[in-house]
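Participant: Pasting in a structure now, in structure tokens, and then I'll have a few things to ask.
The values are calculated or read from the model by the stated rules, or taken from the named source; none is laboratory data. It should be emphasised that the depicted structure is a prediction, and the values quoted were computed from it without experimental measurement. Counting neighbours? That spans all protein chains shown, and the Cβs are built from the backbone with ideal geometry, glycine included. For the accessible areas, the whole protein counts, side chains as well, though only heavy atoms, and no ligand, DNA or RNA atoms are used. Shrake-Rupley method; radii C 1.70, N 1.55, O 1.52, S 1.80 Å.
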Amino acid sequence: MILLFQKLLELKDETGITAVKYKKNGRWHSYSWHEYYQLCSSLAAGLSSLDVRVGQRVAIAANTRPEWALADMAILSLGAVTVPIYFSGTSEE
């Protein structure tokens, strides 16, 4: 999946096509493919500096939002496993 993401970046970065568009505080924002890749790479570097390695599990506790996808991609790029924690779950879960 990460290789596909990198290949897609190579193809789309030249065109200026928007990778992600989202609404925040009533305004639309967007990331280009290059910006999206840079953010993922920065997050991955941060996780790596915290010794996240291949096969380790990393939890994401957040509502659905663009940053969730960025964190997921960063985790996967390190070969780690994303463990989603959803706030809609019950305390027993």
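Participant: Which ones in region 63-87 are of a type in the set (Phe, Trp, Tyr) and at pLDDT 85 or above? First the steps, then the outcome.
Facilitator: Within region 63-87, the subset of a type in the set (Phe, Trp, Tyr) is 68, 86-87.
Answer for region 63-87, where residues must be of a type in the set (Phe, Trp, Tyr) and at pLDDT 85 or above: just Trp68.
Participant: Note down all Cβ pairs under 7 Å where the first residue falls in region 51-68 and is more than 20 Å from Ala19 (Cα to Cα) and in contact (Cβ under 8 Å) with a residue 12 or more places away in the chain, the second is charged (D, E, K, R) and surrounded by 10 or more Cβ atoms within 10 Å (Cβ to Cβ), and they're at least six residues apart or on different chains.
Facilitator: Qualifying pairs under 7 Å: Ile60/Asp72.
Quick grid of which residues meet (1) closer than 25 Å to Lys7 by Cβ; (2) touching a Lys or Arg at 6+ places or on another chain (Cβ under 6 Å); (3) modelled with pLDDT of 95 or more; (4) open to solvent by 50 Å² or more (accessible area, probe 1.4 Å):
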{"position": "Arg27", "(1), (2), (3), (4)": "no, no, yes, yes"}
{"position": "Tyr31", "(1), (2), (3), (4)": "yes, no, no, no"}
{"position": "Glu35", "(1), (2), (3), (4)": "yes, no, no, yes"}
{"position": "Cys40", "(1), (2), (3), (4)": "yes, no, no, no"}
{"position": "Ser49", "(1), (2), (3), (4)": "no, no, yes, yes"}
{"position": "Arg53", "(1), (2), (3), (4)": "yes, no, yes, yes"}
{"position": "Gln56", "(1), (2), (3), (4)": "no, no, yes, yes"}
{"position": "Gly89", "(1), (2), (3), (4)": "no, no, no, no"}
{"position": "Glu93", "(1), (2), (3), (4)": "no, no, no, yes"}
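Participant: Quickly run through region 1-25 and pick out the residues that are basic (Lys, Arg) and either at pLDDT 85 or above or open to solvent by 80 Å² or more (accessible area, probe 1.4 Å) (or both).
Facilitator: Narrowing region 1-25 to residues basic (Lys, Arg): 7, 12, 21, 23-24.
Lys7, Lys21, Lys23, Lys24, listed by residue number.
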